[in-house]
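No value in this document is a laboratory result; all are computed from the given coordinates. As the structure is a prediction and not an experimental result, all values here were calculated from the model. Please note: Cβ atoms are built from the backbone with ideal geometry, for glycine as well, and neighbour counts cover all protein chains shown.
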Amino acid sequence: MAHEGRWSGGSVYRRPGYEQRLNPRMRAMHKGRLANLGALGNGTADLVPPLPVNSRLGANGRMAISTHRATRNAAWLPKRPVQYQQLRRGAPLSQPTDPFTFTGADGASWGTGWVFTFGTGDVLTNRGRLVTGTGAYDGPAVYYDTALADVDFRIDLEIPTTDQQYPEVRMRFDTTTYDFVRLIFDPGAGSIVLQSFDNDAFSAFLDSEAFTWAANDIIHIRGLVEGTSHKVRVWKNADPEPGTWNLEGTSSLGAGQTKLMLRTVTSNLGVAVTNYWDNWSFGVPPSGLNNIIIGMDACIV
């Protein structure tokens, strides 16, 4: 039998003979407010059970949680406090590995969602391959629209050589004005660099750090874009993810844009080079999920 009741103005859930009290910290979440996890895209939320007593995942991919009224097929215990589970700050939204998978046959296209603005790419041994031409500063460019202006993204990069190529990730790439902020690997300087571009022209140096690699190293990249803040972590396959950001900078260029572009460019010598991308995923930034109720133990037995 379903037991139903209502929240009173004093943040107490009541039905005849029973009551559930919100602790003071959670009273502000009372009175019918909704918490939502934001657009989930093609991914799925990693929810911590038990689920709220009155929640649903809407058609738009948002989790609505109501604290105004509770209905549940369960027995309520008298006057036992309601407990909440919350996302911890710093844990990103869980996303599937390779949601836009590179697991097609060798020679296949990158798949739905990837748009090449210059050059072409294909799949080779379950990785996305980019190959430059032989002209000076030649190189393919491909973007994906995440539908998230603020985004926490990850991708792996394998660079077969230690010179003659400059892989980059462009954040908030604007396909009309060509504004963006980019992370670029500079083998000549032995560094990674964060820069902003206005109308495809260099605008500002934001940050840099020494970074070198050996041929065929697999490099993990994590980017966090929130408001005007751009942060990047870069580490090699044998190392743990750094506890701090390697590069940080602020730029309003590309504000509101939701596209992330991958590109590799050959040097002025025009030597054709190749690199590989894999394990592409993205989600809502951790701060966008902070203090959101995602679970509730309402004294169910």
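A compact table of results
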{"read-out": "Neighbour-count ranking [beta-carbon atoms within 10 angstrom, fewest first] of THR146, THR161", "value": "THR161, THR146"}
{"read-out": "For segment 103-136 versus segment 209-270, the gap between their alpha-carbon centres in whole angstrom", "value": "20"}
{"read-out": "Three semi-axes of the equivalent ellipsoid, segment 107-154, Cα gyration tensor, whole Å, largest first", "value": "22, 15, 10"}
{"read-out": "Residue order, fewest to most beta carbons within 10 Å, for ASP106, ASP145", "value": "ASP106, ASP145"}
{"read-out": "Nitroxide proxy distance, nm - points 7 Å out along Cα→Cβ at ASN216 and TYR178", "value": "3.7"}
{"read-out": "Radius of gyration and maximum dimension Dmax of segment 152-301, Cα, Å", "value": "17.4, 72"}
{"read-out": "Theoretical FRET efficiency, 1/(1+(r/R0)^6), r = Cβ-Cβ of PHE118 and GLU241, R0 41 Å, to 0.05", "value": "0.85"}
{"read-out": "Inter-label distance for GLU248 and THR274, nm, one decimal - labels placed 7 Å from Cα along Cα-to-Cβ", "value": "3.9"}
{"read-out": "Hull-based mean projected area of segment 207-255, where the convex hull spans the alpha carbons, in square nanometres", "value": "4.1"}
{"read-out": "At 1.306 mPa s and 10 °C, Stokes diffusion of segment 129-241 via Kirkwood alpha-carbon radius, µm² per second", "value": "106"}
